[in-house]
Amino acid sequence: MALIEIKNVKKSFETNKVLSDISFEVNKGDVVCMIGPSGSGKSTMLRCINLLEDIDEGQIIVLGQDINKIKDINAYRKNVGMVFQQFNLFNNMNVLDNCVLAQVKVLKKDKNEAEQVAIQRLSEVGLKDFIYAFPNTLSGGQKQRVAIARALCMDPEILLFDEPTSALDPQMVGEVLNVIKNLADQDMTMVIVTHEMAFAKDVADKIVFMDDGIILEEGSPDQIFNNPKNERTRQFLSRII
Amino acid sequence: MSLSKCLEILTKYFPSFLLGIRTTLIVAILGTLIGLIIGLFIGGIRAVKLDKTASKSVYIIKKIIDIITKIYIEVFRGTPMMVQAVFIYYLVYTNIFKWDKMFAAIFIISINTGAYMAEIIRSGIQAVDPGQNEAARSLGMSSSQTMMNVILPQAIKNAFPAIGNELIVNIKDSSVLMIISITELMFQSNSIAGTTYRFTETYFVTAMIYLFLTSISSFILHLIEKRLNNTKTSFPQSDTNIHSIVIASKGE
C-alpha cells in the first residue's frame, strides 16, 4: 500500500525551476532515501510533503488524501513528523518540554500523560538523563536525537528527515544514524534526504536519485549502488564513494 | 550656584519634590507597561506572515490592519510627545468629556510608547530563528499556538534591553507632560523655582533626582536581564553514548 504518492509534481521559485515532473511512491513501512547533488530539489520535495512549501502542478497524495486540498493543515501535519538539518529545538524550554508542548497543544493530552510519553521516547534515543537540560547545553548529536524524539512523541505515520546529519560533527553522525536505523527496524515509514551513502545503502528499501529537479533513477540500493544504469548516477556515486 | 543652597532647597521643598517623583514614576511605569501591551499586540500582528493557504478575505483584512498600524506607528513616532499631549488632551477635553489630567497623561504616554514598542517587539520576533516556527508548525501547532508558546517568549527576552530602555526614556520624557499641568517632577520644579527665584539650584536638584531615578531603574533592569539570560541547566549524572541507546520495538 502506498502511503505517499507523488504524481507529476512541479515547482518553481520565481523563475528558478526546482522540481520538474517528479513522481514516486513510498509504501507503508518503507525507508526511501533521496540522494543527489546539492540543489537538485531533494529538500524542496520533502518540504512539499509537509506543506512547508506548496506545489505549482501535480498531486501529492498522503494517507489517501490530496494534501494540497486539505482544509485542516494542522490535523494533517500531526501525522507526518519532520526532522530538520538545523534541529530547530525550541530554545526557550528544556528537552522534556520540547517533547511535551505539541502533545498538549495539538493532541490535547494532559501534561502527565504527555510527559510519560516524552520520557519513554527520550529514553529510546538515549537521552533520559538529559530531560531537564536546555538545548544550548547539548551537543549537535544530542539535539538531533531530541528532535527525533519530539517528532516521535506525536506518534506519526510517516517521518521525514531533511539531511539529519549534515550539520553534525563527524563523530556525532553515528549516534543519530543509529537512532534512525532502529526506527527502520521497527518498520517506521520514512523519507530521508541524505548525503550519507553508506547509511542509505544499509537502511533504505528504495533509493531515489535526483538531479536538477528530476528523478534520474530509482530502485533498490543494490541496483543503484552496484549497477547504476544512468551515466549521471554513476558519475555522482564515483565522486562520493 | 552654591551646593548648600541646593541642599536647602531640597530639604525645604522635599514634600513637593516627592509628589513630583511619585507622579513621574506612576506615569512612566504605567505608560511603559501599557505601551508594552499595545506593542505586543500590534508588533505580534505585524510580524505574522500569512499561510499560503489563507483565504482572500483574510489576506485583505491583514493588509488593512498592516496599513492602519503602520500609520499609527509613523504618526506617534514622527511627532513630538509634547504636541501629542496638548492636542489629544484638549481634543478630548473640549469635544468628548472632561477627563482627569492624570488619566490623560497615562493615556498619552502609553500610546506614544506603544508605537515604539510595536517596532521593538516586531524586530524581536523576527530575530527568532524561523526554523523553530517551521518545527512547531510541522508538529501540527497553529500559528497562534506557535507565537504564544515558542516565538513570543524568546522575542521578549531578545527585546528586553530595548524594552527597558523605553522605561528610562519615559522617566525623563514624561517631563514634557507638564504642558497639561500634571504634578510630575518638572512641573513641581517649575513651581519651586518660581517661588524661590533660585533657578540654577532648583533645576540642579531636579536633574540630580532624574539621574537618581534613571540609575536605580537601569540597575534593576540589569538585574532582571541577568536573570532572564541565566537559563537553568541540568547536570546529567551519567554519560550517555550510542551504546546505551536501546530502542524498544513498537507494540512492546
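The values are calculated or read from the model by the stated rules, or taken from the named source; none is laboratory data. This one's a predicted model, so the numbers in the text were calculated from it and none came from an experiment. Neighbour counts are summed over all protein chains in view; Cβ atoms, including those assigned to glycine, are modelled from backbone coordinates with ideal geometry. Ligands, DNA and RNA are excluded from the accessible area calculation, which covers all protein heavy atoms including side chains. Shrake-Rupley method; radii C 1.70, N 1.55, O 1.52, S 1.80 Å.
All conditions but one from (1) over 17 Å from the mean Cα position of the chain (by Cα); (2) of a type in the set (S, T, N, Q); (3) at pLDDT 90 or above; (4) within 23 Å of A:Val95 (Cα to Cα) apply to B:Gln154; the one that does not is (1).
If you go through segment A:140-163 and keep only what is open to solvent by less than 30 Å² (accessible area, probe 1.4 Å) and within 14 Å of A:Glu175 (Cβ to Cβ), you end up with A:Gly140, A:Gly141, A:Gln142, A:Gln144, A:Arg145, A:Val146, A:Ala147, A:Ile148, A:Ala149. For A:Leu46, the conditions (1) of a type in the set (A, V, I, L, M, F, W, C); (2) more than 9 Å from chain B (Cβ to nearest Cβ); (3) open to solvent by 10 Å² or more (accessible area, probe 1.4 Å); (4) under 30 Å from A:Phe134 (Cα atoms) are fulfilled apart from (3).
Closer than 30 Å to A:Ile73 by Cα, hydrophobic (A, V, I, L, M, F, W, C) and modelled with pLDDT of 90 or more - does that describe any residue in segment B:83-100? Looking for residues that are closer than 30 Å to A:Ile73 by Cα, hydrophobic (A, V, I, L, M, F, W, C) and modelled with pLDDT of 90 or more, one finds none in segment B:83-100, hence no. Residues in segment A:24-35 that are charged (D, E, K, R) and either open to solvent by 80 Å² or more (accessible area, probe 1.4 Å) or assigned to a strand (DSSP E or B) (or both): A:Glu25, A:Lys28. When A:Val179, A:Val203 are checked against the criterion of being more than 12 Å from chain B (Cβ to nearest Cβ) and either open to solvent by 20 Å² or more (accessible area, probe 1.4 Å) or β-branched (Val, Ile, Thr) (or both), A:Val203 stands alone in meeting it. Tell me, yes or no, whether segment B:86-105 has at least one residue that is among the β-branched types (Val, Ile, Thr), farther than 30 Å from A:Ile158 by Cβ and within 14 Å of chain A (Cβ to nearest Cβ). Among the residues of segment B:86-105, not one is among the β-branched types (Val, Ile, Thr), farther than 30 Å from A:Ile158 by Cβ and within 14 Å of chain A (Cβ to nearest Cβ), which makes the answer no.
Tell me whether segment A:180-191 contains one or more residues that are assigned to a strand (DSSP E or B) and either farther than 20 Å from A:Glu124 by Cα or out of contact with any helix residue (DSSP H, G or I) (no Cβ under 7 Å at 6 or more places or on another chain) (or both). Yes. Of the helices (runs of 4 or more DSSP H) that lie entirely inside segment B:34-146, those containing 2 or more residues that are in contact (Cβ under 8 Å) with a residue 60 or more places away in the chain and within 24 Å of B:Asn158 (Cβ to Cβ) span B:101-126. Within segment A:133-155, being more than 9 Å from chain B (Cβ to nearest Cβ) and of a type outside the set (D, E, K, R) holds for A:Pro135, A:Leu138, A:Ser139, A:Gly140, A:Gln144, A:Val146, A:Ile148, A:Ala149, A:Leu152. Does B:Leu211 satisfy the criteria of being open to solvent by 60 Å² or more (accessible area, probe 1.4 Å) and at pLDDT 90 or above? It is true that B:Leu211 is open to solvent by 60 Å² or more (accessible area, probe 1.4 Å) and at pLDDT 90 or above. Out of the residues in segment A:183-198 that are buried (at least 18 other Cβ atoms within 10 Å of the Cβ) and without any contact (Cβ under 8 Å) to a residue 40 or more places away in the chain, which is farthest from the other protein chains (Cβ to nearest Cβ)? The qualifying residue farthest from the other protein chains (Cβ to nearest Cβ) is A:Glu196. Restricting attention to segment B:145-169, the residues that are within 10 Å of chain A (Cβ to nearest Cβ) and open to solvent by 30 Å² or more (accessible area, probe 1.4 Å) add up to 6.
The criterion of being over 19 Å from the mean Cα position of the chain (by Cα) and under 25 Å from B:Glu166 (Cα atoms) holds for B:Met147. If we scan segment A:118-140, do we find a residue that is among the polar types (S, T, N, Q), modelled with pLDDT of 90 or more and within 20 Å of the chain's Cα centre (by Cα)? No, that holds for no residue. Condition first: surrounded by fewer than 16 Cβ atoms within 10 Å (Cβ to Cβ), under 19 Å from the mean Cα position of the chain (by Cα) and closer than 22 Å to B:Ser174 by Cβ. Can you find one or more residues in segment B:38-54 that meet it? The answer is no; no qualifying residue exists.
One residue stands out in segment A:1-23 among those that are open to solvent by 10 Å² or more (accessible area, probe 1.4 Å) and among the hydrophobic types (A, V, I, L, M, F, W, C): the one that is nearest to B:Leu139 (Cα to Cα), namely A:Ala2. Pairs linking a residue in segment B:1-26 that is open to solvent by 60 Å² or more (accessible area, probe 1.4 Å) to a residue that is in a loop (DSSP other than H, G, I, E, B), with Cβ atoms under 8 Å and 6 or more positions apart or on different chains, are B:Leu19/B:Thr183.
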